[in-house]
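Colleague: Okay, here's the structure, questions in a sec.
Each reported figure results from applying straightforward, stated rules to the coordinates on display, with no laboratory input. Just so you know, these numbers come straight off a predicted model, no measurement behind them. So basically every Cβ, Gly included, is an ideal-geometry build from the backbone, and we count neighbours across all protein chains shown.
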Amino acid sequence: MRKIEILGVGCPNCKKAEEEVRKALTTVGLVEGQDFVIEKVTKPADIVARGVMMTPGVVVDGKVVSTGKVPKPGDVISWMG
């Protein structure tokens, strides 16, 4: 199971990033709780500890894959490859 972390303090773009990640993954048939799990990281210190200075950030299996923007569906799907 892949672990996806959405980094952000709760701004509209952070919420949209989480929404887009879920939507992209379910569109290609992946099942939350079976194929992937999403965790929100909201504490600024925890976000910075991952090396992210601009939110929203997305981390897949411990690797930062996106910062400072809402990810596009194609990007999300490619991260799962």
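Colleague: May I ask for the Rg/Rh ratio of the chain, computed from Cα atoms with Rh as the Kirkwood radius, given to two decimals?
Modeller: Numbers: Rg = 11.5 Å, Rh = 12.3 Å.
Dividing the radius of gyration by the Kirkwood radius yields 0.93.
Colleague: Roughly what angle does helix 12-27 make with the longest principal axis of the chain, taking Cα atoms, 0 to 90 degrees, to the nearest 10?
Modeller: That helix lies at roughly 20 degrees to the long axis.
Colleague: Which residue, Gly68, Gly29, Gly57, tops the fluctuation ranking in a GNM of the chain built on C-alpha contacts under 10 Å?
Modeller: Ranking Gly68, Gly29, Gly57 by mean-square fluctuation puts Gly29 first.
Colleague: For every helix of n ≥ 4 consecutive DSSP H residues, a contribution of -39,500 (n - 2.57) applies; sum these over the chain, divide by its total residues, and give [θ] at 222 nm rounded to the nearest 500 deg cm²/dmol. Provide the component values of the computation, followed by the final result.
Modeller: Working: 3 runs with 29 residues, N = 81.
Only helices count here, giving -10500 deg cm²/dmol.
Colleague: Please rank Lys69, Lys63, fewest neighbouring Cβ atoms within 10 Å first, as an exposure proxy. List each step's numbers first, then the result.
Modeller: On the way: Lys69 14, Lys63 9.
So the residues, fewest neighbours to most, are Lys63, Lys69.
Colleague: Order by neighbour count: Leu7, Leu30, Leu25, fewest other Cβ atoms within 10 Å first, most last. Walk me through the numbers before you get to the answer.
Modeller: Details: Leu7 27, Leu30 16, Leu25 22.
Starting with the residue having the fewest Cβ neighbours, the order is Leu30, Leu25, Leu7.
Colleague: Multiply the residue separation of Cys11 and Asp75 by 0.36 nm, subtract the distance between their alpha-carbon atoms, and state the gained length in nm to one decimal. All intermediate terms of the calculation are to be shown ahead of the outcome.
Modeller: Values: separation 64, 0.36 × 64 = 23.04 nm, distance 2.11 nm.
Full-extension gain reported as 20.9 nm.
Colleague: Would you work out the charge dipole size for the chain about its Cα centre, treating the Cβ of every Lys and Arg as +1 and the Cβ of every Asp and Glu as -1, and quote it to the nearest 20 debye? Let's see the in-between values first.
Modeller: Numbers: 12 positive and 10 negative charges, 36 e Å.
Charge dipole of the chain: 180 debye, to the nearest 20.
Colleague: In the neighborhood of Asp75, defined by Cβ-to-Cβ distances under 13 Å, what is the net charge if each Lys or Arg adds +1 and each Asp or Glu adds -1? Can you show the working numbers first?
Modeller: Numbers: positive: Lys23, Lys69, Lys72; negative: Glu20.
Computed value for this residue: +2.
Colleague: Provide the gained length on full extension for the span Glu19 to Asp61, in nm with one decimal, where the gain is 0.36 nm per separating residue minus the Cα-Cα distance.
Modeller: Values: separation 42, 0.36 × 42 = 15.12 nm, distance 1.85 nm.
Gain on stretching Glu19 to Asp61: 13.3 nm.
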